[in-house]
1. What pairs come up if the first residue lies in segment 12-36 and is under 15 Å from residue 46 (Cα atoms) and hydrophobic (A, V, I, L, M, F, W, C), the second is open to solvent by 40 Å² or more (accessible area, probe 1.4 Å) and in a helix (DSSP H, G or I), and their beta carbons are under 7 Å apart, counting only those six or more places apart or on different chains?
2. I'd like the full set of residues that are touching a helix residue (DSSP H, G or I) at 6+ places or on another chain (Cβ under 9 Å) and assigned to a helix (DSSP H, G or I), limited to segment 21-39.
3. State all residues of segment 37-55 that are of a type in the set (A, V, I, L, M) and within 21 Å of residue 23 (Cα to Cα); if no residue qualifies, say none.
4. Could you identify the single residue in 42, 20, 46 that is more than 11 Å from the chain's Cα centre (by Cα), at positive phi and either surrounded by 14 or more Cβ atoms within 10 Å (Cβ to Cβ) or modelled with pLDDT under 90 (or both)?
5. Looking at this structure, is residue 56 open to solvent by 60 Å² or more (accessible area, probe 1.4 Å), over 21 Å from residue 2 (Cβ atoms) and touching an Asp or Glu at 6+ places or on another chain (Cβ under 9 Å)?
Amino acid sequence: MKKVRLQKLCDDFEKLHMLESDNISEYFARVLVIYNQMKRYEEKMEETCVLKKIIRSLQKKFYYVVVVIEK
């Protein structure tokens, strides 16, 4: 059961993307909820992986934020 739940969480994490109606705080919170649930099931994921996920999936209107973060 634990493996099944972790697999579902990993799948949810991969499919996450920022909705048009989301602001950055809401999207960040959704990502962190899934990340924290994965940690509870002993999934080892580095925080840099989470940050990369957030950066990759931001809306185009936030690309300027991505450029600043990458520099």
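1. Listed pairs, sorted by first residue: 34/12.
2. Initially, segment 21-39 is screened for residues touching a helix residue (DSSP H, G or I) at 6+ places or on another chain (Cβ under 9 Å), giving 22, 24, 27-28, 31-32, 34-35, 37-38.
Within segment 21-39, 24, 27, 28, 31, 32, 34, 35, 37, 38 qualify.
3. Step one: of segment 37-55, the residues of a type in the set (A, V, I, L, M) are 38, 45, 50-51, 54-55.
Correct list: 50, 51, 54, 55.
4. Numbers: 20 fails: at positive phi; 46 fails: at positive phi.
The unique qualifying residue is 42.
5. On the way: open to solvent by 60 Å² or more (accessible area, probe 1.4 Å): yes; over 21 Å from residue 2 (Cβ atoms): yes; touching an Asp or Glu at 6+ places or on another chain (Cβ under 9 Å): no.
It is false that residue 56 is open to solvent by 60 Å² or more (accessible area, probe 1.4 Å), over 21 Å from residue 2 (Cβ atoms) and touching an Asp or Glu at 6+ places or on another chain (Cβ under 9 Å).
The values are calculated or read from the model by the stated rules, or taken from the named source; none is laboratory data. The structure presented is a predicted model; accordingly, all values stated were derived computationally and were not measured. Counting neighbours? That spans all protein chains shown, and the Cβs are built from the backbone with ideal geometry, glycine included. Note: areas computed on protein heavy atoms with side chains; ligands, DNA, RNA excluded. Shrake-Rupley method; radii C 1.70, N 1.55, O 1.52, S 1.80 Å.
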